[in-house]
Amino acid sequence: MNNLKLEQCKFIFVDFEFRPVDGIEGNPVEVICMVAFDPQAGKYYKLWKDELYQLSAPPFAIDSATVLVAYFASAEMTCFEALGWTMPDHILDLYVEFRNLTNGIFLPEGKSLLGALKYFGLDSISAEHKDDMRDLALRGGPYSELEKAGLLEYCQSDVDALYPLYLAMKKYLDLPRNLLRGLYSTALARMESLGVPIDHPTYKGLCLHWDAIKAKLIAEVDSAYGVYENGVFKEVAFEQYVKQQGIRWPRHESGRLKLDEETFKLMAKLYPILAPLRSLRDSLAKLRLSALQVGSDGRNRCMLSPYQSITGRNQPSTTKFVFGLARWARGLIQPREGFAIAYIDWSQQEFGIAAALSNDPKMKEAYLSGDPYLAFAKQAGAVPQDATKQTHPAVRSQYKECALATQYGMGVDGLADRLKQPKLRAKQLLDIHRRVYKQFWDWSDNVYNNTVNKNRLNTLFGWQITVPQDINPRSLRNFPMQANAAEMLRIACILMVKRGIQLCAPVHDAVLIEATESTIDQQVQIAQECMVQASQIVLGDFTLTSDAKVIRHPGRFLEDDAEPFWNTVIAIYEQVKAEANEKLNANVLENLTPAHSYLSY
Amino acid sequence: MSNTAQELVSKISALRLPDNFTTNIGGEKLPLKPIFGKFSKHRFARVHPGKEYMFICLTVDDKDLGETYIVTPNMQAYLGSHAVPKILRLSVDTTGLPKIIAQPVLDQNSRPNAWHSSLIRGIQIGETSWIRLEANMGASQYNIIVSKDDLGEPQWPTQTMDEIVQEVFSNNIIADENHPYIRQIQGRL
């Protein structure tokens with residue numbers, strides 16, 4: 001990877017057509033056909049599924065100088081996985097490189113292959129023809145000879161488009177780092193193939209009875225608030241409620257209550273009494289359970305959409321990916337019998353990255369203390385040196401909020417709201433942060449000035465952003481932490497796959513892994529080693545630690561604050577299910593009555 | 001860990017780009033421009049204890065415009081009692097703002113002035129501790145408030161005292177008998 005030069009490489013351009021098995025979203029992939037092109041030999045490889053499934057390796061030779069070129073390579077790697085082929089070491093994903101080249105720039109034609117071709121003024125097939133062919137692939141077989149020829153021809157047209165696109169992008173390439181980004185597609189393929197284990201019967205039951213559950217849920221949760229009328233949230237009633245409770249609710253300039261998700265999230269944190277109402281609103285507004293992609297084997301598989309966010313993070317669909325749903329719905333995640341899952345996340349990752357990148361000695365010391373928030377309070381002189389989380393919970397909490405606020409780019413007003421304190425207190429805390437972590441702030445000012453000068457900012461592994469006009473300066477200051485965290489996660493995933501970890505999904509700055517109950521502890525240890533190595537690779541030997549939560553069958557993935565709402569939903573679900581069964585039995589009995597009567601004669 | 005996994009770690013490590021966040025090519029942050037004034041009653045400040053940051057001179061306060069001038073010694077004959085000897089001291093507050101403070105020189109022959117003596121005391125304490133001063137009108141002197149917590153080390157500017165005085169008083173130096181202030185007190189147009 002490191003020593004390869006563009007001129008020495010042998011490129012193979014490849015594209016697959018595929019669909020989920022039986023056409024059911026959430027199922028593993030079924031390969032339909034493949035076209036590959038070797039420009040050096042001027043040779044095409046066009047194979048239909050029957051031939052592909054016969055092969056134990058790709059039909060073209062892959063040696064240490066071969067680079068596989070694709071557009072959205074994770075899809076191609078998922079096909080490799082489905083075919084049982086060994087993943088290549090060198091992958092150039094032109095989609096990722098196009099994203100990186102244009103990150104922060106508005107693209108009127110989008111970032112698809114067609115959009116990239118148009119960006120460079122290259123010819124392409126029409127979008128309509130592409131859609132028709134995709135539909136044909138998704139329909140599944142049996143295919144007529146004409147349809148087969150059409151699909152292969154379409155597949156080849158994408159491969160033919162890749163070569164000129166590569167030539168157009170060649171001058172922007174930075175090969176070793178391109179290949180590192182490409183290598184992440186192998187980890188993605190593993191995760192997209194394995195998926196997240198779901199309690200399938202409960203999921204199906206919830207989907208079946210969701211309308212009835214929703215109605216009862218509103219009735220039950222709203223009994224404490226009285227803000228719904230015929231299943232509809234009433235602003236007037238809610239205004240009355242907050243007035244009665246003495247809650248000062250944020251308002252728009254017009255005077256109306258702010259009822260957006262963010263406001264509810266913040267207020268539910270400040271006033272825990274509102275948490276069930278927030279979960280209810282969240283569930284009713286966003287939750288389309290049936291959209292969750294769960295395969296026939298009870299695993300949630302969906303496209304993880306790598307490099308979609310401006311910081312290069314994955315951005316999977318919030319309706320198709322189980323971690324995108326309301327928090328209580330994550331209770332559907334349940335390891336199979338004999339198995340366990342583990343959720344492993346870096347401890348205070350952003351704080352640690354900020355400390356390492358800025359090389360602020362006090363910040364590093366705070367991170368290494370294991371409780372950076374308490375250490376911050378100690379460094380500021382707000383608590384004695386022997387203070388603990390138990391002896392000074394209130395002060396620690398304020399310093400924690402302050403440290404987090406600076407990471408989120410929050411100002412005085414936002415922090416004051418979170419602390420339920422006057423703005424003066426928020427200002428004092430933010431000033432203290434600036435004073436205690438002076439080197440961090442000097443570095444942050446430098447990042448900002450540097451970026452404004454060059455109009456560009458990049459991570460330590462080359463993910464870059466061209467600064468958009470409308471970007472919030474605070475987001476820009478936070479970019480090195482977020483984007484290097486994304487690099488760290490990608491490297492950790494690559495290392496984990498290399499070491500045979502069963503990786504289910506990335507979850508923001510964490511991962512979910514799976515193993516048998518007897519091996520889970522050992523697998524967690526290996527995964528945590530990979531995370532340590534990834535942090536050292538990115539941060540130049542500054543080590544970030546991680547926390548792991550192991551869940552064994554029949555346990556569920558439930559964070560503490562989500563458990564009460566999950567329990568409420570499940571209690572209602574059981575009730576609705578029992579009512580439905582009763583109704584069904586009554587119907588059956590009713591239908592049986594004549595026969596029964598007849599028999600009794 | 002297997003050899004191949006270890007090799008991969010080494011290979012990825014070698015791809016790390018140089019850290020360009022800590023370099024100064026984005027621009028160097030210049031020190032804040034020093035100003036002249038009194039201690040803030042809100043912000044804590046420290047006073048530079050070094051002799052090299054004490055600048056003894058004559059000053060004139062124009063109470064009408066709220067301006068302070070420094071005066072070259074040869075102009076004292078024109079200014080009479082308007083020119084008062086002061087020791088200019090360098091202070092810096094918690095935000096890093098450098099400020100010139102005029103320390104009075106006590107005249108043993110005149111009446112005791114508690115404003116002056118409390119200010120001098122405050123400056124002396126400020127040499128080693130973070131302080132702020134509040135005017136106590138009832139007691140006709142300053143309340144000196146010392147910070148309860150250690151606010152860290154002050155960030156002193158890198159310029160010399162001469163350079164700072166020159167920057168602060170660049171337009172407010174009386175070195176000529178035709179200076180507008182001298183013309184004004186002499187009633188000259």
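Every number here is computed from the coordinates shown, using simple stated rules; none is lab data. Remember, it's a predicted structure, so these values are computed and weren't measured experimentally. Ideal geometry is used to build each Cβ from the backbone, glycine not excepted, and the neighbour counts take in all protein chains shown.
Calculated from DSSP H runs of 4 or more alone, at -39500 (n - 2.57) each and per residue, what is the 222 nm mean residue ellipticity of chain A, nearest 500? Intermediate results must be reported in sequence, preceding the final value.
On the way: 22 runs with 311 residues, N = 601.
Mean residue ellipticity, 222 nm, calculated: -16500 deg cm²/dmol.
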Pick out, in residue order, every one of the chymotrypsin sites (Phe, Trp or Tyr not before Pro) in the range A:57-133 that is DSSP loop and has at most 15 other C-beta atoms within 10 Å; say none if there are none. A:PHE106, A:PHE120
Interchain or long-range residues, amide H under 5 Å from B:GLN141's placed H: B:ASN136
Ranked on Cβ counts within 10 Å of their own Cβ, fewest leading, B:TYR53, A:TYR172 go A:TYR172, B:TYR53
Could you tell me what a quarter of the Cα convex hull surface of chain B works out to, in nm² with one decimal place? 18.1
Packing-wise, with mean Cβ within 10 Å as the measure, how do A:536-543, B:155-162 rank, highest first? A:536-543, B:155-162
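Across every pair of different alpha-carbon atoms, what Kirkwood hydrodynamic radius in Å does the range A:6-194 reach?
Details: mean 1/r = 0.0591 Å⁻¹.
16.9 Å is the Kirkwood radius here.
Can you pull out the trypsin sites (Lys or Arg not before Pro) in the range A:331-433 whose DSSP state is coil and whose Cβ has at most 13 other Cβ atoms within 10 Å?
On the way: sites: A:ARG336, A:LYS362, A:LYS364, A:LYS378, A:LYS389, A:ARG396, A:LYS400, A:ARG418, A:LYS420, A:LYS423, A:ARG425, A:LYS427; in loops: A:ARG336, A:LYS389, A:LYS420.
When the trypsin sites (Lys or Arg not before Pro) of the range A:331-433 are filtered for loop state and at most 13 Cβ neighbours within 10 Å, A:LYS389, A:LYS420 remain.
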Yeah, chain A with a ≥ b ≥ c from its alpha-carbon gyration tensor (a/c under 1.5 is rounded, else prolate when a/b outruns b/c, oblate otherwise) is oblate
In terms of the alpha carbon gyration tensor, root eigenvalues a ≥ b ≥ c, rounded if a/c is under 1.5 and otherwise prolate when a/b exceeds b/c or oblate, the range A:250-373 is oblate
Shielding by partners, peptide A:523-531 (average Cβ within 10 angstrom, other chains): 1
What relative contact order, as a whole-number percentage, does the range A:350-461 give when Cα pairs under 8 Å and 6 or more residues apart are counted? 26
Tell me, what ³J(HN,Hα) does each residue in the range A:301-309 have, in order and in whole Hz, if you take phi through Karplus 6.51 cos²θ - 1.76 cosθ + 1.60 with θ = phi - 60° and put x for Gly and Pro? 10, 7, 5, 8, 6, x, 6, 7, 7
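Which is the longest run of chain A containing none of the GluC sites (Glu not before Pro) found in DSSP loop states (not H, G, I, E, B) with at most 16 other C-beta atoms within 10 Å? Can you show the working numbers first?
Values: sites that count: A:GLU25, A:GLU109, A:GLU253, A:GLU337, A:GLU517, A:GLU559.
Longest stretch, sites excluded: A:338-516.
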Would you work out if the range A:200-293 is rounded, prolate or oblate? Take a ≥ b ≥ c from the square roots of the eigenvalues of the alpha-carbon gyration tensor; rounded if a/c is under 1.5, else prolate when a/b is larger than b/c, oblate otherwise. prolate
Computed FRET efficiency, Cβ-Cβ of B:THR128 and B:THR72, R0 35 Å: what is it to the nearest 0.05? 0.60
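Is there a simple number for the mean count of other chain Cβ atoms within 10 Å of the Cβ of residues in A:447-458, and what is it? Write out the running numbers ahead of the final one.
Working: counts 4, 2, 6, 8, 2, 2, 3, 3, 0, 0, 3, 3.
Mean partner-chain Cβ count within 10 Å for A:447-458: 3.
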Students often forget the sequence filter, so: which lysines lie under 25 Å Cα-Cα from A:LYS498 once same-chain residues fewer than 8 apart are removed? A:LYS5, A:LYS10, A:LYS549, B:LYS11
Helical contribution to [θ] at 222 nm, DSSP H n ≥ 4, -39,500 (n - 2.57), averaged over chain B, rounded to 500: -6500 deg cm²/dmol
Under 23 Å Cα to Cα from A:LYS204, which lysines show up? Leave out anything in the same chain fewer than 8 places away. A:LYS214, A:LYS216, A:LYS286, A:LYS320, A:LYS577, A:LYS583
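Ranked by Cβ crowding within 10 angstrom, fewest neighbours first, how are B:ILE123, A:ILE62 ordered? All intermediate terms of the calculation are to be shown ahead of the outcome.
Working: B:ILE123 23, A:ILE62 18.
Ascending number of Cβ neighbours within 10 Å: A:ILE62, B:ILE123.
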Quote the relative contact order of the range B:69-189 in percent (integer), defining contacts as alpha-carbon pairs under 8 Å separated by 6+ residues. 30
Using alpha carbon centroids, what distance separates the range A:1-51 and the range B:34-86, in Å? 80
Karplus-derived HN-Hα couplings along the range A:14-28 (A = 6.51, B = -1.76, C = 1.60, θ = phi - 60°), whole Hz, x at Gly and Pro: 9, 8, 10, 10, 7, 7, x, 3, 6, x, 8, 4, x, 7, x
Computed over chain A, the relative contact order (Cα-Cα under 8 Å, seq sep at least six) in percent reads 16
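Identify the chymotrypsin sites (Phe, Trp or Tyr not before Pro) of the range A:547-577 meeting these criteria: DSSP loop state and at most 14 other C-beta atoms within 10 Å of the C-beta.
Working: sites: A:PHE557, A:PHE565, A:TRP566, A:TYR573; in loops: A:PHE557.
Here no chymotrypsin sites (Phe, Trp or Tyr not before Pro) fit, given the DSSP loop and packing criteria.
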